[in-house]
Structure formats: structure tokens, C-alpha cells
Amino acid sequence: VTFNVTFNVTLQHRTALRAGEEPRCVSWQTVGTKGRWTPSSCSRVGGDTLHSICACTHFSTFAILTAIHPITESFALVVVTYVGMSVSLVCLFLAIITFLLCRSLWSVSVALHLQLSICLFA
């Protein structure tokens, strides 16, 4: 139910906000059998590092979501990601070639493994 007036909801944070965290007031929206947090009809109008005051126009289940700084990727993480992906693609390609060339071992199981390898490679 949506109202023509707003009302304030004060929510306490589990931990104090740190520098760079941006709290957002959200409410739970049910869509069919699933649900999601949505910032519609609610906005943060005040508060401090331990509390947030949200102005909302409907009754629901409310929460505070905090967005921290964007995570900076380290050089080591980027290298491990690209090396791991390259090795995985090479191994999948070799597995696909092996499954295609070894017709003497052909069975339903091998055909399924071949299709799985192709899907993972793609």
C-alpha cells in the first residue's frame, strides 16, 4: 500500500559506517515467488554513522545497504585470473580434440563429456 504522505523509519546499523560507505534505504519487493531489495519509494533523509533515517511512502520490510569503495584489483589477482583462464582454455581444447580423435572409446559418456567440454570452452 502506497501513501500520499511520507513517514520516517529509523534503522540502527550493525556496525558504524566507515569513510566512503554510502548507506541506502531499501525495502523488500516481492515479485511472484521471488523478491528483491529496491530503493523505490524510500530515501535516506538523515542519520549518522550508527543510525539512518529513511523517508518512505509505504509499509514494508526495510533495510540499509551500504556501498563501499569500488574494489581495486591487484596486479597479482589480474595475472592469476588471466593465466588460470588461459590454462583452462588450453586444457579444454585438448580434451575436445582427444574426445574427437579417440573414436575407439566412443560411448554415450564420452559424447556427454565432449558436449560439456565444448560448452565450458564457449
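The values are calculated or read from the model by the stated rules, or taken from the named source; none is laboratory data. Quick caveat: nothing in here was measured; it's all calculated off a predicted structure. Don't worry about glycine lacking a Cβ; one is built from the backbone with ideal geometry, like all the others, and counts go over all protein chains shown. Heavy atoms of the whole protein, side chains included, go into the accessibility calculation; ligands, DNA and RNA do not. Shrake-Rupley method; radii C 1.70, N 1.55, O 1.52, S 1.80 Å.
Treating only the Cβ atoms of Lys and Arg (+1) and Asp and Glu (-1) as charged, compute the dipole magnitude of the chain about its Cα centre; round to the nearest 20 debye.
260 debye
State in Å² the accessible area per residue of the chain; use a 1.4 Å probe, count heavy atoms of protein chains only, and round to the nearest integer.
Accessible area per residue: 76 Å².
Give the Debye-formula value of log10 I(q)/I(0) at each listed q (0.17, 0.24, 0.31 Å⁻¹), with one equal scatterer per alpha carbon of the stretch 2-58, two decimals each.
So the normalised log intensities are -0.61, -0.97, -1.23.
Can you send over the solvent-accessible area of CYS91, 1.4 Å probe, protein chains only, in Å² to the nearest 10?
Looks like 80 Å² after rounding.
Largest first, how would HIS58, HIS113 line up by accessible area (1.4 Å probe)?
HIS113, HIS58
Say the dipole of the chain comes from +1 at the beta carbon of Lys and Arg and -1 at that of Asp and Glu; which of TRP37, TRP106, VAL80 then lies farthest toward its positive end?
The one lying farthest along the dipole's positive direction is TRP106.
With every protein chain left in place and a probe of 1.4 Å, what is the accessible surface of PHE121, to the nearest 10 Å²?
Near enough 90 Å² of accessible area.
For the chain, what's the relative contact order in percent, using C-alpha pairs closer than 8 Å and at least 6 residues apart?
Across the chain, relative contact order equals 24 percent.
Once you order the gyration tensor axes a ≥ b ≥ c over the Cα atoms, which shape class does the chain get: rounded for a/c under 1.5, otherwise prolate or oblate by comparing a/b with b/c?
oblate
Might you list the cysteines of the chain that have no disulfide-compatible partner by the rule of another cysteine's Cβ under 4.7 Å?
CYS91, CYS102, CYS119
Going by alpha carbons, how many degrees (0 to 90, nearest 10) lie between the helix axis of 75-101 and the longest principal axis of the chain?
The two axes meet at around 40 degrees.
Of the heavy-atom accessible surface of the chain (probe 1.4 angstrom), what whole percent is carbon and sulfur?
65 percent
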